[in-house]
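Asks: Got a structure for you, questions after.
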Amino acid sequence: MTEYTTPTSGLTSLSAAELAEKIHSGEVTSREVTQAHLDRIAETDEVLGAFLHVGAEEALAVADEIDAKVAAGEELPSALAGVPVAVKDLFVTTDAPTTAASKMLEGYMSPYDATVVQNLRAAGVPILGKTNLDEFAMGSSNENSAYKLTRNPHDTERTPGGSGGGTAAALASGQAPLGIGTDTGGSIRQPAALTGTVGVKPTYGTVSRYGMIAAASSLDQGGPSARTVLDTALLHEVIASHDAFDATSVDTPLAPVVAAAREGAAGDLKGTKIGVVKQFNRPGNQPGVQAAITKAYDELANLGAEIIEVDCPHFDDVMGAYYIIQTSEVSSNLSRFDGMRYGHRGGDDGQHSANEVMAISRAEGFGDEVKRRIMLGTYALSVGYYDAYYLQAQRVRALIAQDFTKAFEQVDVIAAPVTPTTAFKLGEKVDDPLAMYNFDLFTLPLNLAGLPGMSLPAGFAEDTNLPVGLQLMAPAFKDDRLYRVGAAFEAARA
Ligand code: GLN
């Protein structure tokens, strides 16, 4: 094993906005920038395990196209043209395998690109490769990947979070300046928090789910991540689009996220009301995390924001509601992976019936956590239990959404921790699913309500010396508020 060394320098340490400026002015080429990141991946990924697939040739081909446009003085397709990105391996791509980190989809080549991927291509953003995740995006540590362990660049004995741990580790280590993830219950925000990077879960319906392998369709949302608030906004603008291929896609113009990030960095927060959720101040929170978050609230107040405690009583019931709704939708969505329509086929020796082939295929193709969720969801939806579980969970979901609505009558944005502790050790929670589930307590409510949220760095916990994330939450379609407050907070800490 080659030693992993944290500090990166040169091109791989710059922000996407800085790289774009250099590429577009002709100071460096996109090829140089893309190659520098590919080199960084080659140097560090044996230890970090962030990527399941690296597409060097394809990325460099896009870089060359952008360089040719710059050289010819032609108009560039986007503000991020030529700046490379890492994509979670849950988005289907025509030029690289898509596995969802599952044996079920080993070697699967999609006949089409996910809409998010199409948007990246149209923007001239080279795709470095596909990053590791928990199988079908179910998990909080990346330990449920069927292929490899991803390590946290801040401490390689620890998790980078999950399910988007690969993208987060890539950002934190300088392997990529931009990343794409999905957030069903926290999978963009939680890994961002554990690796000291920025991640945003957009308002549900604003980023297309077409070609994003479904876990729980009413909760899943693709989103951007990066190392700065502005970079995240620039990527957000590239990937958000209305899409007729996604039945829940909304035809509402995206809030001005880039303008908000720029204004926020220059301004203060006078007149902004920020809510702090009473229910999140839990005795179980790690003291170092609680201290960093309290300090973050003070910093927001110093910037001129008014901090107001908000009461969200139904947040205490979020765990039960999420794990019934999420597993129910999973049990339905993942039924297509049966060795017939999609996925690994087992028992195909002429000795088994069609039903047996499906059962064998699923037994061999899915990992333990995915099976656990399918069983829980199938049970919750079964005749006689539907009213007691699924219907009840939907009622709790409505009450959680109502808590948010009431809170947002009082405040513009809600601030919160992202996780109760900093990154835990690999292996520490793998045998205790409930402990793993509980880690997402602070990120789940947002998904149930369909609202936008951000995780951004709030320093390091004194007791573990590991990154702490501050979470910001906003009303639906007000994603720009996250960027305004986030950029102000980031600028004040710089
Ligand atoms: N950790 C949560 C789960 O396992 C959330 C995952 C996600 O957002 N994809 O369901």
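The values are calculated or read from the model by the stated rules, or taken from the named source; none is laboratory data. Here the structure is a predicted model, which means the values were calculated and not measured. Please note: Cβ atoms are built from the backbone with ideal geometry, for glycine as well, and neighbour counts cover all protein chains shown.
Asks: Evaluate segment 316-335: report whether one residue or more is touching a Phe, Trp or Tyr at 6+ places or on another chain (Cβ under 6 Å) and at pLDDT 95 or above.
Replies: Yes, because at least one residue in segment 316-335 is touching a Phe, Trp or Tyr at 6+ places or on another chain (Cβ under 6 Å) and at pLDDT 95 or above.
Asks: I've got another one for you. Within 15 Å of the ligand (Cβ to nearest atom) and not in a loop (DSSP other than H, G, I, E, B), is that true of residue 223?
Replies: yes
Asks: Looking for something modelled with pLDDT of 95 or more, within 16 Å of residue 370 (Cα to Cα) and either within 16 Å of the ligand (Cβ to nearest atom) or surrounded by fewer than 24 Cβ atoms within 10 Å (Cβ to Cβ) (or both) - is there at least one such residue anywhere in segment 107-130?
Replies: No, segment 107-130 contains no residue that is modelled with pLDDT of 95 or more, within 16 Å of residue 370 (Cα to Cα) and either within 16 Å of the ligand (Cβ to nearest atom) or surrounded by fewer than 24 Cβ atoms within 10 Å (Cβ to Cβ) (or both).
Asks: How many residues, within segment 330-370, are part of a helix (DSSP H, G or I) and either among the aromatic types (Phe, Trp, Tyr) or surrounded by fewer than 22 Cβ atoms within 10 Å (Cβ to Cβ) (or both)?
Replies: The number of residues fulfilling the criteria is 17.
Asks: How many residues are in a loop (DSSP other than H, G, I, E, B), touching a Leu at 6+ places or on another chain (Cβ under 7 Å) and more than 9 Å from the ligand (Cβ to nearest atom) if we restrict to segment 163-192?
Replies: Adding up the residues that qualify gives 3.
Asks: So residue 156 passes all but one of these: (1) within 13 Å of the ligand (Cβ to nearest atom); (2) of a type in the set (S, T, N, Q); (3) surrounded by fewer than 24 Cβ atoms within 10 Å (Cβ to Cβ). Which condition number does it fail?
Replies: So the condition that residue 156 fails would be (1).
Asks: Quick one: count up the residues across segment 266-281 that are without any contact (Cβ under 8 Å) to a residue 60 or more places away in the chain and part of a loop (DSSP other than H, G, I, E, B).
Replies: 3
Asks: Same structure again: Hey, could you check segment 430-449 for residues that are within 18 Å of residue 158 (Cβ to Cβ) and away from the ligand (no atom under 11 Å from the Cβ) and say which is surrounded by the most Cβ atoms within 10 Å (Cβ to Cβ)?
Replies: 430
Asks: Would you confirm whether or not segment 8-25 contains a residue that is part of a loop (DSSP other than H, G, I, E, B), within 27 Å of the chain's Cα centre (by Cα) and at pLDDT below 95?
Replies: yes
Asks: With respect to residue 206, determine if the residue is over 14 Å from residue 119 (Cα atoms) and either among the hydroxyl-bearing types (Ser, Thr, Tyr) or without any contact (Cβ under 8 Å) to a residue 40 or more places away in the chain (or both).
Replies: no
Asks: Could you check segment 429-458 and list, in sequence order, the residues that are in contact (Cβ under 8 Å) with a residue 40 or more places away in the chain and more than 20 Å from the chain's Cα centre (by Cα)?
Replies: 429, 430, 433, listed by residue number.
Asks: Right, something else. Would it be correct to say that residue 263 is part of a strand (DSSP E or B) and surrounded by fewer than 18 Cβ atoms within 10 Å (Cβ to Cβ)?
Replies: no
Asks: Step by step: first the residues of segment 215-234, then only those that are farther than 15 Å from residue 487 by Cβ and under 14 Å from the mean Cα position of the chain (by Cα), then the one that is surrounded by the fewest Cβ atoms within 10 Å (Cβ to Cβ). Which residue is that?
Replies: My answer is 219.
Asks: Considering only segment 457-478, how many residues are of a type outside the set (Gly, Ala, Ser) and under 21 Å from residue 440 (Cβ atoms)?
Replies: Qualifying residue count for the region: 9.
Asks: If I ask for residues that are outside any loop (DSSP other than H, G, I, E, B), over 23 Å from residue 209 (Cα atoms) and touching a helix residue (DSSP H, G or I) at 6+ places or on another chain (Cβ under 9 Å), which ones from segment 116-155 would you list?
Replies: Selection gives 152 alone.
Asks: In addition: Restricting to segment 369-400, name every residue that is closer than 19 Å to residue 333 by Cα, at pLDDT 95 or above and of a type in the set (Val, Ile, Thr).
Replies: 370, 374, 378
Asks: Only residues that are over 16 Å from residue 459 (Cβ atoms) and touching a residue at least 12 places away in the same chain (Cβ under 8 Å): list them for segment 408-422, please.
Replies: Within segment 408-422, 408, 410, 411, 412, 413, 414, 420 qualify.
Asks: Can you tell me which condition residue 209 does not meet? The list is (1) in contact with a Ser or Thr (Cβ under 8 Å, 6 or more places away or on another chain); (2) away from the ligand (no atom under 16 Å from the Cβ); (3) charged (D, E, K, R), and all the others hold.
Replies: Failed condition: (2).
Asks: In this structure, is residue 146 farther than 30 Å from residue 25 by Cα and either surrounded by fewer than 17 Cβ atoms within 10 Å (Cβ to Cβ) or over 18 Å from the mean Cα position of the chain (by Cα) (or both)?
Replies: The answer is yes for residue 146.
Asks: Tell me which residues, restricted to segment 282-315, are in a loop (DSSP other than H, G, I, E, B) and modelled with pLDDT of 95 or more.
Replies: Correct list: 286, 303, 304, 305, 311, 312.
Asks: If a residue must be β-branched (Val, Ile, Thr) and modelled with pLDDT under 95, how many such residues does segment 336-363 contain?
Replies: Looking only at that region, the number is 0.
Asks: Take the residues in segment 468-481 that are out of contact with any Pro (no Cβ under 6 Å at 6 or more places or on another chain) and more than 16 Å from the ligand (Cβ to nearest atom); name whichever of them is farthest from residue 234 (Cα to Cα).
Replies: Per the stated criteria, the residue is 468.
Asks: Just to be sure I understand, how many residues within segment 162-185 are more than 19 Å from residue 229 (Cβ to Cβ) and either small (Gly, Ala, Ser) or out of contact with any helix residue (DSSP H, G or I) (no Cβ under 9 Å at 6 or more places or on another chain) (or both)?
Replies: 7
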